[in-house]
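The values are calculated or read from the model by the stated rules, or taken from the named source; none is laboratory data. These numbers were taken from a predicted model, which means no experiment stands behind them. Cβ sites come from the backbone with ideal geometry, for glycine too, and all protein chains shown count toward neighbours.
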Amino acid sequence: METSRSESYLSGFVPFALAAFLVGIIGGFTTVLGPAFVRSLNLDYNNTTWTALSMAIATATFAPILGKLGDAIGRRTTLLIGIAVFLLGNVLTAVAPSLLFMIIARFIVGVGSAAIAPVVMSYIVTEFPPEKIAKGFSLYMLISSCAVIFGPTLGGLLIENYGWRVMMWVCVAICVVVFLLCLLIPEKTTQKRNTLTDFDKAGALFVFVFFGILLCLPSFGQNFGWNSILFIVLLVASVISFFILWFAEKRAKNPILQWDFMKRKVFILSVLALFLTQGLMQANMTNTIVFVNYTQPENTIISGYAISIMYIGMSLGSVLIGPLADKFEPKYVLTGSLTLTGIGCALMLLFSADASVVLLAASLGILGLGLGGNGTIFMKVVLSGVPSETAGSGTGTYGLFRDLAAPLGVAVFVPLFTNRVTANVENGLDEMIAAVNSIRLISFIEIICVAAGIFIVLLLPKIYKKNKGVEL
């Protein structure tokens, strides 16, 4: 079953672009939510790990499930459901009275995000002309990152002047407006829907269970101890759930995870590079916010300005670096953009207790420039050639691993940073000095990860063949 390309692909993309904008703008506002929330309840900063982890688990694990659902019930229906769930999660966030309630609320937000991202990507894959798919991904990245530019700064200002709950009600209002716009815009798509017959329910359950546990392992190990009973039980559960998932997917007539799509060399190597590099984005954002809270607690908006600069970098990277992969070998363009992420991480070695907004912005801005290029090029490399009838499933599967990268970065680097600060303070070190030492250690580790990512990217097969165009 082959789907023809719609001549009105750009006008049909409008609701999907609005949804991408929604996730980006709310994501920008809420980058400063975690520290403000735990501070209002007089909790330790390392509790930001649990709210971020909750949303990350939902965003990653539900992506392939809801992507496949979108192939069956339609992209528009899935998009509207996703925005509605996203709206509900933000309402619950605004009224959260406790840490547990907030964890649940952020999980629901993550489910909404997981419904939105795969249908946006699958629309680009199936509705954009083949020669414009890379530009479509650049447009998607540009919209997402541009939407975040002002979020951290405005969010920081709202929190400073009115509190984090008011900021969340602003987010709710934005969700309502976008939902109504998407509801009123007529659908323009050539999608032919699959059937829900033989939907892989067991696979869906254990995709959630296994990958959810996988995301929890680093945080539980660092917070409760690698030798703790809780971590060991979780580790055993991950192994058991992996084998159950494996056998469930082998027996399924219509599996959630597409093995033919995943076993390609470009997919495996790209995912490895993603795990080593793209996870730095959210980890460095969160660590920068917490670092400023440790060292300059009276300045609640300086990190917001710096993070906005990072997303300006991502916007520029998506439009300046990403499209270069249409003209030059993608793996060499990736090498350059990954080098920029390494430079951004290296600048963290210069952070001090009185680090200026210029230094914070330079570090995150250069990192963002590289990440913007990386994200666009990885989508082009991995998603080229995905069959139209399984585009939602394929983009959802890629989304699972892409969205696992950043949460694992958060799960590893955020607890590593906060727990080292706590341990050093308990050993008598001044809190500001402990924060500076910890952020520099994180920087050194991340530079090593970027170098490994570049090595893996250079192993990617060439996409362009001499006089033969593009090999998918």
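I need the full set of residues from the stretch 217-234 which are of a type outside the set (F, W, Y), in contact with a helix residue (DSSP H, G or I) (Cβ under 7 Å, 6 or more places away or on another chain) and loosely packed, with under 15 Cβ neighbours inside 10 Å, in order please.
G225, L230
Of the residues that sit in the stretch 218-232 and are part of a helix (DSSP H, G or I) and without any contact (Cβ under 8 Å) to a residue 60 or more places away in the chain, which one is nearest to the chain's Cα centre (by Cα)?
Among residues in the stretch 218-232 that are part of a helix (DSSP H, G or I) and without any contact (Cβ under 8 Å) to a residue 60 or more places away in the chain, the one nearest to the chain's Cα centre (by Cα) is F220.
Could you please find all residues in the stretch 112-141 being over 20 Å from G89 (Cα atoms), touching a Gly at 6+ places or on another chain (Cβ under 8 Å) and assigned to a helix (DSSP H, G or I)?
Once the filter is applied, which keeps residues that are over 20 Å from G89 (Cα atoms), touching a Gly at 6+ places or on another chain (Cβ under 8 Å) and assigned to a helix (DSSP H, G or I), the stretch 112-141 yields M121, S122, Y123, I124, V125, E127, A134, F137, S138, M141.
Residues in the stretch 258-275: is at least one part of a loop (DSSP other than H, G, I, E, B), of a type outside the set (D, E, K, R) and in contact (Cβ under 8 Å) with a residue 60 or more places away in the chain?
Within the stretch 258-275, one or more residues are part of a loop (DSSP other than H, G, I, E, B), of a type outside the set (D, E, K, R) and in contact (Cβ under 8 Å) with a residue 60 or more places away in the chain.
Output the number of residues of the stretch 195-216 satisfying the condition of being over 24 Å from A283 (Cα atoms) and surrounded by fewer than 20 Cβ atoms within 10 Å (Cβ to Cβ).
8
For the stretch 314-335, which residues satisfy the criterion of being within 20 Å of L269 (Cα to Cα) and either surrounded by fewer than 16 Cβ atoms within 10 Å (Cβ to Cβ) or polar (S, T, N, Q) (or both)?
F328, E329, Y332, T335
With respect to R420, determine if the residue is within 21 Å of the chain's Cα centre (by Cα) and either in contact (Cβ under 8 Å) with a residue 40 or more places away in the chain or assigned to a helix (DSSP H, G or I) (or both).
Criteria not met by R420.
If you scan the stretch 264-283, which residues turn out to be at pLDDT 80 or above and not aliphatic (A, V, I, L, M)?
Those that are at pLDDT 80 or above and not aliphatic (A, V, I, L, M): R264, K265, F267, S270, F275, T277.
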